[in-house]
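The values are calculated or read from the model by the stated rules, or taken from the named source; none is laboratory data. Remember, predicted model here, so these are calculated numbers, not experimental data. Heads up, the Cβs are rebuilt from the backbone with ideal geometry, glycines too, and the neighbour counts pull from every protein chain shown. Protein only, heavy atoms only, side chains kept; ligands, DNA and RNA dropped before computing areas. Shrake-Rupley method; radii C 1.70, N 1.55, O 1.52, S 1.80 Å.
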Amino acid sequence: MQLPLSPIFGLLLLASGQAVADTPLTEQEAVQLGLQHPEVAARWDANTDIAEGQLESAGRWANPEVEYSREALELPSGDSEENTWSIRQRLNLAGVPGLTRKAARHQLRASDLRNDHARREWAADIRLHFYQALAAQREADLIADWHRRLTELTKAIGQRVEAGDASRYDHTRFRQELALLTGERLSTRAHATSARDRLAQRIGDGQRPLTGRLLPPPRTPEDSSAVALSPLLQALSAETESAELRAEAAQRRRWPELTLGVGRKEIVEPGFQADGNVISIGIEIPLFDRHSGQARTQRGHAQQQRAELALARAELTTRLHSLQRDLAAEQASAAALRESIDASPESLSDIAESSYAAGELSIAELIDAHRSELNTRRALIQRELEARTTFIQLTLLTGETP
């Protein structure tokens, strides 16, 4: 008996879709999905179109003017007529159009660099939410495992109470501790779901499990020159060059422009006709508007850009050293916590349970041991997340691709 082809294809598609849904989502895949977000890509494309449009319109010569005039006079000897055709062009001999085009090219480069920085910021935001969701999931799994463990331990203590080997106080106290842990389990699960939803909003994938390493790899500290690779600093530098060129162009606008005209003229009178060439030259007289205000404004913009560039360079350098110190401290703290957890083949809670069963520890000491180990493991997750967050900020500052 042969099955129809359409159900077979449906089963194959369902199986392949299930396989994709079960494949863990990595950090790089999450970033790739986020960078393909249509609204985000449209915003970057719009910024590029704006800068290219400004470049296209910058430094253009004024459009030429074509003029035709006709004069007719009624004279005693007959009618007189004059016809003139001319074309006039406004000329800037100070080089303002060339400087304006250079300024627009620098502005286009700054726009591209800011787009690059915006992409890196978006990728860093996705990475940050990816690891926040991963840390929240691991913390929720840790609390869920601990809750199952304490549930079994509560049942065991209850059986000991029935056998007369433990007091009802121990059982009641442990049930209270389990109730507290139940609340934490619900809270961490809700937090993990919200973190995953925030990531899904950025990448459009909310089904696949996450995989990755929270603690970032060791990193060699860079010197202060590393900030020069920052796209933001490079964009500010390009904007400063553009502002300086616009200031120079505004200064040269104080030079008057010329208007050159050429054409033909024809005169027709009774018994007489003549034609010839027409040449005209006009010069602007800077009587009312000397462009001094515009020149002063552009000088102020250029000075403002230079100051912002210097301040940004100093701020990024300080932030670079601060992030390097924070990352080293957070990695060392996480390593110390990991070492304390792995120092003994038996965990603190296992040792406490054995000692409690032997009558060497009280119920309060058993609970304290469980709580201490649980808090240490939760602190390890948070320290690793803090180190990863600092690592992401550091790579964003230096313009690297982690």
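What the table shows:
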read-out: So Ala274, is it part of a helix (DSSP H, G or I) and open to solvent by less than 50 Å² (accessible area, probe 1.4 Å); value: no
read-out: Set Asp112, Asp125, Asp141, Asp145: member being part of a helix (DSSP H, G or I) and over 30 Å from Asn375 (Cα atoms); value: Asp112
read-out: Search result, residues across segment 294-335 that are touching a residue at least 24 places away in the same chain (Cβ under 8 Å) and among the acidic types (Asp, Glu); value: Glu308, Asp326, Glu330
read-out: Any hit, segment 138-147, residues being buried (at least 18 other Cβ atoms within 10 Å of the Cβ) and among the acidic types (Asp, Glu); value: yes
read-out: Some residue of segment 191-204 being of a type outside the set (A, V, I, L, M), open to solvent by less than 80 Å² (accessible area, probe 1.4 Å) and over 16 Å from Ala140 (Cβ atoms); value: yes
read-out: Members of segment 286-344 that are open to solvent by 40 Å² or more (accessible area, probe 1.4 Å), more than 31 Å from the chain's Cα centre (by Cα) and of a type in the set (A, V, I, L, M); value: Leu287, Ala336, Ala343
read-out: Given (1) under 30 Å from Thr240 (Cβ atoms); (2) buried (at least 16 other Cβ atoms within 10 Å of the Cβ), number of the condition Arg208 does not satisfy; value: (1)
read-out: Residues of segment 336-348 satisfying the condition of being without any contact (Cβ under 8 Å) to a residue 40 or more places away in the chain and not β-branched (Val, Ile, Thr); value: Ala336, Glu339, Ser340, Asp342, Ala343, Ser344, Pro345, Glu346, Ser347, Leu348
read-out: Every residue from segment 219-255 that is in contact (Cβ under 8 Å) with a residue 12 or more places away in the chain, closer than 15 Å to Arg319 by Cβ and part of a loop (DSSP other than H, G, I, E, B); value: Pro221, Glu222, Ser230
read-out: Conditions (1) at pLDDT below 90; (2) crowded, with 19+ Cβ neighbours inside 10 Å; (3) touching a Ser or Thr at 6+ places or on another chain (Cβ under 9 Å); (4) within 30 Å of Thr259 (Cα to Cα): number failed by Ala103; value: (1)
read-out: Enumeration of residues in segment 30-68 that are open to solvent by 50 Å² or more (accessible area, probe 1.4 Å) and in contact with a Ser or Thr (Cβ under 9 Å, 6 or more places away or on another chain); value: Asn47, Ile50, Glu52, Gln54, Arg60, Glu65, Val66, Glu67, Tyr68
